[in-house]
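Structure first, then comments.
The values are calculated or read from the model by the stated rules, or taken from the named source; none is laboratory data. Predicted, not measured: the structure shown is a model, and the values here were computed from it. Here the Cβ positions follow ideal geometry from the backbone for every residue, glycine too, while neighbour counts run over all protein chains shown.
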Amino acid sequence: MSINDVVAYPLQIDTPEGIATVTAVHKVVERDDVIQCATVTVVLDGVTCVGHGDDTEYALYDLAKHLPQGCRLRCCLSCRHGHFCPVGDADNELFCVTDFEPKEKSDLYHVTEDAAERAKRSRSLFCICERYQLQSPEYYTYSEYLHRVK
């Protein structure tokens with residue numbers, strides 16, 4: 001069994017007092033190049049919050065559930081412009097589409113199958129962007145964020 005290097009990402013969290021930027025400590029445990037589990041840890045106002053999951057996506061969903069009341073993640077994973085690959089995705093990767101509004105999963109094929117488009121749009125789930133807009137049921141986003149953080 002091998003453990004990937006621990007990686008630190010800046011992560012924004014909406015709080016009742018405003019936007020807080022914290023350091024997210026991300027660790028993935030792999031065996032034979034297969035992810036076994038992932039952990040994301042943040043400290044917010046002196047409180048340590050930890051999310052665990054089968055991969056980074058699920059660790060972030062779990063983290064969102066452990067944040068203090070009134071707080072939510074503000075990153076590509078929770079953004080309405082952040083979409084997963086419709087034909088399989090890599091851990092800690094999604095695709096930013098601010099230049100068009102997909103209505104269904106198949107609308108995302110051209111941005112994930114073409115190598116240049118994929119490279120241009122690929123983001124970490126932790127990514128922070130000035131174009132951030134919280135996901136909502138009114139807009140299609142190929143992600144389970146809203147469902148998983150209830």
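For segment 63-76, the criterion of being surrounded by fewer than 19 Cβ atoms within 10 Å (Cβ to Cβ) and assigned to a helix (DSSP H, G or I) is satisfied by at least one residue.
Tally up the residues in segment 26-36 that are over 17 Å from LYS65 (Cα atoms) and surrounded by 15 or more Cβ atoms within 10 Å (Cβ to Cβ), please.
4
Confirm whether ASP99 is assigned by TED's automatic domain parsing to the domain that holds TYR139 and free of Cβ contacts under 8 Å to residues at least 40 places away in the same chain. Judged against the criteria, ASP99 is a match.
Every condition in (1) in a strand (DSSP E or B); (2) surrounded by 14 or more Cβ atoms within 10 Å (Cβ to Cβ); (3) of a type outside the set (Val, Ile, Thr); (4) touching a residue at least 24 places away in the same chain (Cβ under 8 Å) holds for GLU57 except the one numbered (1).
For segment 20-54: of the residues being among the charged types (D, E, K, R) and either in contact (Cβ under 8 Å) with a residue 40 or more places away in the chain or not in a strand (DSSP E or B) (or both), which is farthest from SER78 (Cα to Cα)?
Top of the filtered list is ASP32.
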